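To start, the structure itself, in structure tokens.
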Amino acid sequence: MAVLIGISLLDAIVLWIHLFSAVIFVGGSFFMWMVVMPATRLVAKDEAERTLLVGKIAKQFGRLVTPLLVVIVLTGIYNATWYLPSFGSILYTYGGLLLFTKSVLTIVLIVLIYVHNVYFGRKIVKLAREHDVDGLKSIRRRSRVISMTNLVLMALILLFAVLMQSP
């Protein structure tokens, strides 16, 4: 197999797929918070209407999330096979500890994403359909904490990915 700068062509392709999927997932998540959420205030003044609009956009993005996460996890596992000298080195080398931490953060992120979507997402849409503005404001405050935690986790995972590339 051809070798490109120390890794095989297959390894480079799988790494690219991993990174590309992560870019779409993380970029899309930040885009929702930095562009979509503020823009809905310009489009709809009514809280319930804005919530339904965000819900539709989030649902569309959500259709990408599960396939992207599956690709990220599977390619991440594959990448670990050539990144680590051995499985046992995950807790005894600098790179292994970084990979272990990144993996734990990824698991926490995935759990939080699905807990958030199942509980908060459905409840928010239900309250919006019922035009329960007070209920919406209350649950949105709690939902924002989870969402911001997810964004922080994504940024940390990216930081650990960068640190894994340093000597």
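Observations
- Any hit, the stretch 13-27, residues being more than 26 Å from Leu109 (Cβ to Cβ), among the hydrophobic types (A, V, I, L, M, F, W, C), out of contact with any strand residue (DSSP E or B) (no Cβ under 9 Å at 6 or more places or on another chain) and surrounded by 11 or more Cβ atoms within 10 Å (Cβ to Cβ): no
- Matching option when the condition is surrounded by fewer than 13 Cβ atoms within 10 Å (Cβ to Cβ) and either aliphatic (A, V, I, L, M) or closer than 17 Å to Ile57 by Cα (or both), among Ile157, Ile107: Ile107
- Checking each residue in the stretch 69-95 for being among the aromatic types (Phe, Trp, Tyr), within 17 Å of Ser166 (Cβ to Cβ) and crowded, with 16+ Cβ neighbours inside 10 Å picks out only Tyr83.
- Cross-chain or 6+ apart pairs with Cβ under 7 Å, the stretch 79-94 first and in contact (Cβ under 8 Å) with a residue 24 or more places away in the chain and hydroxyl-bearing (Ser, Thr, Tyr), then surrounded by 15 or more Cβ atoms within 10 Å (Cβ to Cβ) and in a helix (DSSP H, G or I): Tyr83/Gly95; Tyr83/Leu99
- Selection count where residues are loosely packed, with under 15 Cβ neighbours inside 10 Å and under 21 Å from the mean Cα position of the chain (by Cα), scope the stretch 115-150: 10
No lab work stands behind these numbers, since they all come straight from the coordinates. Just so you know, these numbers come straight off a predicted model, no measurement behind them. Cβ coordinates were reconstructed from backbone atoms using ideal geometry, including for glycine residues, and neighbour counts include every protein chain displayed.
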